Amino acid sequence: MKGKERKRWNAAVGLIDRGEARLGRYFSYQVLHNTRHLVFALSRYKFAAKMLPGPRKPSVLELGCSEGVGTLILAERAASVTAVDFDAASVDWAGKNIGNGKIKFIAGDFLGRTYGRFDAAVSIDVIEHIPRAKTGLFMRTLAGNLAPGGFCVVGTPNKTADRYASPESRKGHVNTFTAERLRATFSRYFRNVFLFGMNDEVLHTGFEPMCQYLFVLACGPLRRRP
């Protein structure tokens, strides 16, 4: 590389040379052993972040933040993010390594808890891990933390894609949803419910049983608690 090109390259590198971060155990595993799935997971957060309104940035509650890497994507379009997860080790890592002035990480079981009244709530790859008997409690927690005009974005694997899931996914996914069940569940707690499908990183409105992944955008929490 010649002198002028090297100088230009060094100047460009200097713009991004602002420290390093070591990933936690979950995302380290994803990078080293399941990189494709990591790309899928981050694309889900990208969609959720795109649903956050602008230019007035909202307050956001994230239920199930893990190590907070996806939370950073939400924070780009939020005024503040309160991110909760029961895995204390993951939350501790997030607070020490990627916390910033916009994000507040909380360790604990969020079911039945109130953290405030937020403009938006996001929960990615969480509801399928909630025991089916506690689905109503999860929904009441989701709706109960929203302001009257608030909305939520929730993503979960489609039950019709179970046959293609990995053994570890099958073991952990104790509460899977079809599109019909997802729509019916959220309609009991929100005035308006919209469903989207996702295959790999591609979001679409195609034939629901063929979607690998489902997103629900639900607006206007109802105050009754079925």
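Under the definition of Cα pairs under 8 Å and six or more residues apart, what whole-number percent is the relative contact order of the chain?
On the way: 402 pairs, mean separation 35.9, N = 226.
Relative contact order, the chain: 16 percent.
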Practice problem: For the chain, set up a Gaussian network in which alpha carbons nearer than 10 Å are linked by springs, and say which option among 143, 21, 88 fluctuates the most. | Solution: 21
Quiz item: ³J(HN,Hα) across segment 145-156 via Karplus (A = 6.51, B = -1.76, C = 1.60, θ = phi - 60°), whole Hz, x for Gly/Pro?
Solution: 9, 9, 5, x, x, x, 8, 9, 10, 10, x, 7
Quiz prompt | Virtual paramagnetic centre 7 Å along Cα→Cβ of residue 89, amide N under 13 Å, in segment 12-46 | solution = 24-29
Quiz item: Counting only residues 5 or more places away or on other chains, whose amide H sits under 5 Å from the amide H of residue 150 once H atoms are built in the peptide plane?
Solution: 220
Quiz prompt | GNM flexibility winner over the chain from 179, 133, 147 (Cα, springs under 10 Å) | solution = 133
Quiz item: Among 14, 70, 99, which one shows the biggest mean-square fluctuation in a GNM of the chain, springs joining Cα atoms closer than 10 Å?
Solution: 14
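How large is Rg over Rh for the chain, taking Rg from the Cα atoms and Rh as the Kirkwood inverse mean of 1/r across Cα pairs?
1.01
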Practice problem: Holding the Cα-Cα limit at 25 Å, pick out from 57/104; 57/134; 96/159 the pairs that are longer than that. | Solution: 57/134; 96/159
Quiz item: Under a no-solvent Debye model with one identical scatterer per Cα of segment 186-226, what's log10 I(q)/I(0) at q = 0.14, 0.20, 0.26, 0.27 Å⁻¹?
Solution: -0.38, -0.62, -0.79, -0.82
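Mean shadow of segment 108-226, computed from the convex hull of its alpha carbons, in nm²?
Values: hull surface 29.5 nm².
Here the figure is 7.4 nm², rounded to one decimal.
Taking 0.36 nm per intervening residue step and subtracting the Cα-Cα distance, what contour gain separates residue 15 from residue 114 on full extension? List each step's numbers first, then the result.
Details: separation 99, 0.36 × 99 = 35.64 nm, distance 4.11 nm.
Stretched fully, the residue 15-residue 114 segment lengthens by 31.5 nm.
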Practice problem: Would you mind listing how long segment 1-131 runs along its three principal axes, going by Cα atoms, in whole Å with the largest first? | Solution: 62, 38, 25
Self-check item: Table column - 3J(HN,Hα) (Hz), segment 209-220, Karplus curve with 6.51, -1.76, 1.60, x for Gly and Pro
Solution: x, 8, 7, 6, 9, 10, 10, 10, 10, 10, 10, x
Quiz item: Which order do 128, 180, 67 fall in if you start with the one that has the fewest other Cβ atoms within 10 Å?
Solution: 180, 128, 67
Practice problem: At a Cα cut-off below 16 Å, give the aspartates and glutamates reachable from residue 46, other chains included and same-chain residues fewer than 8 away excluded. | Solution: 62, 76, 125, 200, 201
Quiz item: When the dipole is taken about the Cα centre of the chain, and only Lys, Arg (+1) and Asp, Glu (-1) are charged at their Cβ, what size is it in debye, to the nearest 20?
Solution: 520 debye
Quiz item: Label residue 147 and residue 223 with points 7 Å out from Cα along Cα→Cβ: what is the distance between them in nm?
Solution: 1.7 nm
Exercise. For every helix of n ≥ 4 consecutive DSSP H residues, a contribution of -39,500 (n - 2.57) applies; sum these over the chain, divide by its total residues, and give [θ] at 222 nm rounded to the nearest 500 deg cm²/dmol.
Key: -10500 deg cm²/dmol
Quiz item: Residue farthest toward the positive end of the dipole of segment 19-221, with Cβ of Lys/Arg at +1 and Asp/Glu at -1: which of 153, 88, 190?
Solution: 190
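Just so you know, all these numbers are worked out from the coordinates, no wet-lab data involved. Given the structure is predicted, the values throughout are model-derived calculations rather than measurements. Quick reminder, even Gly has a Cβ in these numbers, built from the backbone with ideal geometry, and neighbours come from all protein chains shown.
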